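The values are calculated or read from the model by the stated rules, or taken from the named source; none is laboratory data. Keep in mind that this is a model prediction, so the values were computed, not measured. Neighbour counts run over all protein chains shown; Cβ positions are idealised from the backbone, glycine included.
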Amino acid sequence: MTGDRLVADIGGTNSRLGLARAGQLNTASVESFRNDDFASFDDVLVRYLSDREDAQIADAVIAVAGPVHSGRARLTNRDWHFDETQLSRSLGGRPVSLLNDLAALGQASVFLGLDSLNPVVSLDESPMDEAQALVVGIGTGFNVSPVVISKGRVAQLDVEYGHICLPADIATELSARFGAHASGFTTIEEVFSGRGYAALYALEQAMTAPEPDGDTALQTRVEQEFQFFYAGLLAVLTRNLMLAFLPRRGIFFAGGVARNLLSTPAKAAFVDIVQGPFALNAVGAVPVHNILDDAAALKGCAVYAR
């Protein structure tokens, strides 16, 4: 393919667009737009291309923060719809591919360097010859993207993991801490997402310090204790994911929840639990990383092979 590939990462709040060639993202071409300023993605596309009339668009790969099926997609928190056929017409008949945003990160995970990752659990030996990895998105919602590398290509499965029932081991931890209040958390996403973290922390505050009266030391202690508890929950979930998907190449966290939590002292509690032995020897050691590169999804779109 000659010419530029238009790449886009469409989140619930912002849209980021850029140009790539031969699998390499041109970072100077990347521009971000607030979705509230536009009625549709088509308007964003027109705005971006209006300043790049000399771009030689050959095709487009667009990552969307929502489900993708049969060449169509929609954002989960905004009435924006995407259709590969319609978008192709808007681009003069150039081919267009839609990806889920986690799938785009899965494509990128194979190629991200150490400057784009923050190691949470490291191994003495590199697992880069392993074929399976897992991207775990914990942000507005929760989902995972299983990654399989075969003959130099990256393939993925479509899943909706956040909506399955909460595992019994995590439900038990919640019940022990919050009693009957824990019954309101029934799915993985209700616990492991931005809103899940906020809801549990509000419950923690209400039960631990209902009347802090401006006592900042007490508030800090409550927050730190909750971070350690939540990091333990995340570690238990991570071990479950290791068993379910055997991602020996690594687990890659995306989203602000894991990035922020695992940059606090609570990281030590997470690492201690995750590194515990498994009864099943087939699991082995799995490295864990936080994705720090905000352009990672664009890089995944750049390397995506149709």
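Taking the criterion of being modelled with pLDDT of 90 or more and either part of a loop (DSSP other than H, G, I, E, B) or in contact with a Phe, Trp or Tyr (Cβ under 8 Å, 6 or more places away or on another chain) (or both), the residues of the stretch 116-130 that qualify are 117, 120, 122. Checked against (1) under 21 Å from residue 117 (Cα atoms); (2) crowded, with 20+ Cβ neighbours inside 10 Å; (3) out of contact with any Phe, Trp or Tyr (no Cβ under 7 Å at 6 or more places or on another chain), residue 263 meets all criteria but (2). The number of residues in the stretch 7-50 being touching a helix residue (DSSP H, G or I) at 6+ places or on another chain (Cβ under 8 Å) and assigned to a strand (DSSP E or B) comes to 15. Can you confirm whether residue 74 is crowded, with 22+ Cβ neighbours inside 10 Å, charged (D, E, K, R) and within 20 Å of residue 106 (Cα to Cα)? No: the conditions fail for residue 74.
Considering only the stretch 173-188, I want to know if a residue exists there that is assigned to a strand (DSSP E or B), over 17 Å from residue 76 (Cα atoms) and out of contact with any Phe, Trp or Tyr (no Cβ under 9 Å at 6 or more places or on another chain). No, the conditions are met nowhere in the stretch 173-188.
Just so you know, in the stretch 74-94 the residues that are among the hydroxyl-bearing types (Ser, Thr, Tyr) and part of a helix (DSSP H, G or I) include one that is nearest to residue 36 (Cα to Cα), and it is 90.
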